[in-house]
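Participant: Before I ask anything, here is the structure I am working with.
Coordinate-derived values only; no laboratory data. Given the structure is predicted, the values throughout are model-derived calculations rather than measurements. Quick reminder, even Gly has a Cβ in these numbers, built from the backbone with ideal geometry, and neighbours come from all protein chains shown.
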Amino acid sequence: MRLQELADRLGATLIGDGERTVVAVRPLDAAGPDDLSFLHNPKYAAQARASRAGAILARDAETLPGRVVLVCAEPYLALAKAIGLLHPAEAAAPGVHPTAVVADDAVIGAGASIGPCAVVGPGCRIGGRSVIGAGCVLGRRVEVGEGCLLHPRVVVEDGCRVGSRCILHAGVVIGSDGYGFATVAGVHHKVPQVGIVVIEDDVELGANVCVDRATLGETRIGRGTKVDNLVQIAHNVQVGEGCLLVAQVGISGSTTIGHHTVFAGQSGAAGHLHIGDRVVVGAKSAVYKDVPDGEFVTGIPARPHREWLKANAGLQRLDQLRERLGRLEEAVRRLEAPEEGGDQ
Amino acid sequence: MRLQELADRLGATLIGDGERTVVAVRPLDAAGPDDLSFLHNPKYAAQARASRAGAILARDAETLPGRVVLVCAEPYLALAKAIGLLHPAEAAAPGVHPTAVVADDAVIGAGASIGPCAVVGPGCRIGGRSVIGAGCVLGRRVEVGEGCLLHPRVVVEDGCRVGSRCILHAGVVIGSDGYGFATVAGVHHKVPQVGIVVIEDDVELGANVCVDRATLGETRIGRGTKVDNLVQIAHNVQVGEGCLLVAQVGISGSTTIGHHTVFAGQSGAAGHLHIGDRVVVGAKSAVYKDVPDGEFVTGIPARPHREWLKANAGLQRLDQLRERLGRLEEAVRRLEAPEEGGDQ
Amino acid sequence: MRLQELADRLGATLIGDGERTVVAVRPLDAAGPDDLSFLHNPKYAAQARASRAGAILARDAETLPGRVVLVCAEPYLALAKAIGLLHPAEAAAPGVHPTAVVADDAVIGAGASIGPCAVVGPGCRIGGRSVIGAGCVLGRRVEVGEGCLLHPRVVVEDGCRVGSRCILHAGVVIGSDGYGFATVAGVHHKVPQVGIVVIEDDVELGANVCVDRATLGETRIGRGTKVDNLVQIAHNVQVGEGCLLVAQVGISGSTTIGHHTVFAGQSGAAGHLHIGDRVVVGAKSAVYKDVPDGEFVTGIPARPHREWLKANAGLQRLDQLRERLGRLEEAVRRLEAPEEGGDQ
């Protein structure tokens, strides 16, 4: 692609020869004269200056004198677009593969693709241009919106609903039973889980993610929320819009999470909590009580990060405390026995 | 269903008009006049009194004056039964789907259902009324008891055995190799894993749970134990009866767990340990040594919870300790230099 | 098998009657006269002496007087070989199962086996004697080397490469998208992930493991590395050779790990780090900064283990500190008011 055309499509200002072409996006250290690269973290500025890349996406051209630069206010977003332009995704062939098993009354939208050995149950509705990958299993009355991409081997159980433009990676399970038992005399009697899961528009779920159906009502993941691999979302959880749940996070039953909240990797929340908007939960942390909007919490149990820092610093300096105490004991001993001290 | 009939089937005492009917179970805040709701946590009593529910399951009627109440000793168990009555599960069609691949010598019990694209290997035995969901793969000589429900895409590898009335959720893997290597000169030589997994009766395994086969002998999960999503059970582990392993728990190789023990979410145990009966391991905790019966342990490493509480409280109060120490240092300085102090 | 033949094949020295035969390998407590057992941990020496096993693999015969012993320098490695000899794996039938869906231009090596309902996409190359289990899905242009074993329901997405002699357990997902978003005004725009995953030779990946494709370039797992169940490897991660990643570990994006490094269960590393060779990361630990070669780190955040031990010990002894402080305060009070003290 000609650089001028690329700049136009990215909304970038081109510094350099617009007739030059690039064919791929590559990292700074791997890029050659036919590649576009990018600088969005200033600490890589020297690497960018030394790069052999034919052109570089960057916030400004000043740090890259003499280089061909596509200047843009949001270089990382421009990078996302550039990758999409130079490395377009391969489309799945529309239509139902002959080995797929699709119920007679399922409604398949125009241009949708149902892959080999996929199973689409009775009463399902698949929106236009959605891709149901090989080996996926959709139960009864499942709804999938338009333009979704279900990678191979996704399971969506009975009655669950997926919005439009969602991406579900391989091994995702939506609508497994919530973990609910009435324990009487040591026997765990199953509480039937008859609610559903609703995945709103523009959600992405990573590989092998599990989202349990509600006992009654809905487990819900809000629009634009992105969930990384191996995350567990329990029954009746409500996740707001634009949240980020990083890999191996676990959210316990009935907890509600506001909008634009981040759970870093391997963190978790206990059940029946309310976690506000724009909260950040640090990696490995465990939330045991409600968290107000905008708070940054870390630790087990999670508390405001500044408290955690203080406690942790104190723990590292216990030695100093112990030394000060020893010196003091010595001083007091001398004070208590002045005649002895005088003898020396 | 008429309320009197419902009360009879639940063993509840009806306070109110038995001719009224309910059609669904709904939470207190969502229930309408045609719905049954429930009060099993006293903190929701006010919400229950304000609910529009046609009838309420509760331990007693006194907190709900003027309301139609189904009084029962175990309202949560009654709720489980009521959901089953008012929201009956949809049965899978019995028989072998034409796209399933079933070995000639596999024995399929009466009324069992083998779903689309499921694979049942040579020598398998599937008990009566069991459901093998779409895309499940059972290896060679796998045994599944009666009345089991294997959701889509469960894998049970060669020689493993599943009892009766078990529920295996989508993505479960039973009988993957244990993680065993003989490391010599930095090379990890695989120790073949030739044991099996035995899942006893009435066990439930959550979505994407992994249970490794034993090196030799058996990995075993005891009767009535319930395992939540994304749990890892390593080779040769023995889990007792009636245990609860909450989401994302990991149990390392050869550890034995007694009966009615609970591992809360994201906790784990090291290998070759013995964890007793009725133990509770707190969320996120890591058990590194044996735990006696009835103990409640938390933390990394896990210790009795009261010790953890004390250590954690101490950590939070380090500031006070530091302040007391500072005041004391000041006092001792004054005592050591009385003439100076006298001058002031 | 005759003991003399077994000894010869294991490179062991036989102490006892070489004409005796054994038919199986069993643990010390379960073995009978027709079984081979093993002693590689000295703490089980008494159990070995009491065992009914027909023969025992051990490092020396002195601790087992009067017993039939196969003496070998590496008894655990010999055990691995003995299990392989006495419990040989059952071979999968070579050829393509009639229900498999294999693209016309896929190249399937001699003796390879493609199981029921497996899907092999266009441009794939499967090496000789490799087994692609039931329900596996290989995307476009996937390469699998020779002698691999893909258990049922493995997914390898477009363009990813698996070396020779790899074992991928059920539910593994290779090549899911990395978790990368350009967030502008609260909206998370997907950064297309167009790199690949390279799994080198002799790697084993446990059940339901996820390995994300690189944004650009490669995510790579080095030769001979063994990965346990439910591990998450993010985009652009580079894992060296001969590493051990135990169950439920998570490695964040762009982190590089050297050779022969161990991550114990449920530990994790943040992104963009460099973790050296022969590092050991303790269970449940969280690595937030680079770790030099050979270090043993534990805790959240992870630090050298000796520091962690010291901090933890200090925390356990806070009570003593508090008591010493109290006694000192009392002493200083007496010193500050001597006349009062004199009155008593």
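Participant: What does the structure give for B:303-315 when I average, per residue, the other chain Cβ atoms found within 10 Å of the residue Cβ?
Facilitator: Mean partner-chain Cβ count within 10 Å for B:303-315: 3.
Participant: Using a cut-off of 16 Å between alpha-carbon atoms, which lysines can reach B:Lys284, once sequence neighbours fewer than 8 places away in the same chain are excluded?
Facilitator: Here the lysines satisfying the reach criterion relative to B:Lys284 are A:Lys284, A:Lys289, C:Lys284.
Participant: Please give the net charge around B:Glu307, taking every other residue with its beta carbon less than 14 angstrom from that of B:Glu307, where Lys and Arg add +1 and Asp and Glu add -1.
Facilitator: +3
Participant: Follow-up. By count of other Cβ within 10 Å, fewest leading, how are C:Thr219, C:Thr13, B:Thr255 ordered?
Facilitator: The order, fewest Cβ neighbours first, is C:Thr13, B:Thr255, C:Thr219.
Participant: A follow-up question, please. Can you give the FRET efficiency to the nearest 0.05 for C:Val184 and C:Glu218, using r as the Cβ-Cβ distance and R₀ = 35 Å?
Facilitator: So, using R0 = 35 Å, E works out to roughly 0.80.
Participant: Let me ask something else about it. Would you mind estimating how fast region A:1-95 diffuses translationally, via Stokes-Einstein at 4 °C and 1.567 mPa s with the Kirkwood radius over Cα pairs, in µm²/s?
Facilitator: The diffusion coefficient I find is 98 µm²/s.
Participant: If you count, for every residue in B:131-141, the Cβ atoms of partner chains within 10 Å of its Cβ, what is the mean?
Facilitator: 5
Participant: Kindly rank C:58-71, C:313-326, C:145-158 from highest to lowest mean number of other beta carbons found within 10 Å of each residue.
Facilitator: Going from most to least packed, we get C:145-158, C:58-71, C:313-326.
Participant: Mean 1/r over all different Cα pairs, inverted: what Kirkwood radius does the protein assembly as shown give, in Å?
Facilitator: 31.1 Å
Participant: Moving on to the next point. How far is it, in nm, from the label point at C:Asp277 to the one at B:Ala46 when both lie 7 Å from their Cα along the line to the Cβ?
Facilitator: A separation of 6.7 nm, rounded to one decimal place.
Participant: Just want the ordering: A:Thr99, B:Thr215, from fewest to most Cβ atoms lying within 10 Å of their own Cβ.
Facilitator: Final ranking by Cβ density, sparse to dense: A:Thr99, B:Thr215.
Participant: Looking only at other chains, what is the average number of their beta-carbon atoms within 10 angstrom of each beta-carbon in B:174-186?
Facilitator: If you average over the peptide's residues, the count of other-chain Cβ atoms is 6.
Participant: What length, rounded to one decimal in nm, is gained on full extension from A:Val107 through to A:Thr21, with 0.36 nm per residue of separation minus their alpha-carbon distance?
Facilitator: Length gained between A:Val107 and A:Thr21: 26.5 nm.
Participant: Enter the mean projected area of the convex hull around the alpha-carbon atoms of chain B, in nm², rounded to one decimal.
Facilitator: Here the figure is 30.0 nm², rounded to one decimal.
Participant: Could you list C:Glu5, A:Glu143 so that the one with the fewest beta carbons within 10 Å of its beta carbon is first and the one with the most is last?
Facilitator: C:Glu5, A:Glu143
Participant: When you take every Cα atom in region C:124-201, what is the radius of gyration, and what is Dmax, the widest Cα pair distance, in Å?
Facilitator: 14.8, 52
Participant: Now, a different point. Assuming R0 = 35 Å, can you tell me the calculated FRET efficiency for the pair A:Ala313 and C:Glu336, based on Cβ-Cβ distance, to the nearest 0.05?
Facilitator: With a Förster radius of 35 Å, E is 0.65.
Participant: Which order, highest average first, do A:33-39, B:306-312, B:199-205, A:285-291 follow once you tally other Cβ atoms within 10 Å for each residue and take the mean per peptide?
Facilitator: Taking the mean over residues of other Cβ atoms within 10 Å, the ranking is B:199-205, A:33-39, A:285-291, B:306-312.
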